[in-house]
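Contents: one structure, followed by commentary.
The values are calculated or read from the model by the stated rules, or taken from the named source; none is laboratory data. Just so it is clear, the structure is predicted and the values come from calculations on it, not from any experiment. Note: ideal-geometry Cβ built from the backbone for every residue, glycine included; neighbour counts use all protein chains shown.
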Amino acid sequence: MPAAVSLAELWRDQRRIAETRDLLAPVYDWFSERFDTADLKEANALLDQLS
């Protein structure tokens, strides 16, 4: 997750929105339990920004 979030932030900053969503959403969805970790919170916040 940390690598996906870092790459997603880079792509977001480069305005590669669709690619960012395509990268991050499946990785985030893989965590069905929604653990309360900083990485998952950050991923969720990024996905919210992109929608």
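Here are the numbers for this structure:
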{"quantity": "Wholly within the chain, helices (runs of 4 or more DSSP H) carrying at least 2 residues that are of a type in the set (Phe, Trp, Tyr)", "calculated": "17-30"}
{"quantity": "Residue satisfying condition, being modelled with pLDDT of 90 or more, in contact with a Phe, Trp or Tyr (Cβ under 9 Å, 6 or more places away or on another chain) and surrounded by 14 or more Cβ atoms within 10 Å (Cβ to Cβ), within set Ala25, Ala8, Ala43", "calculated": "Ala43"}
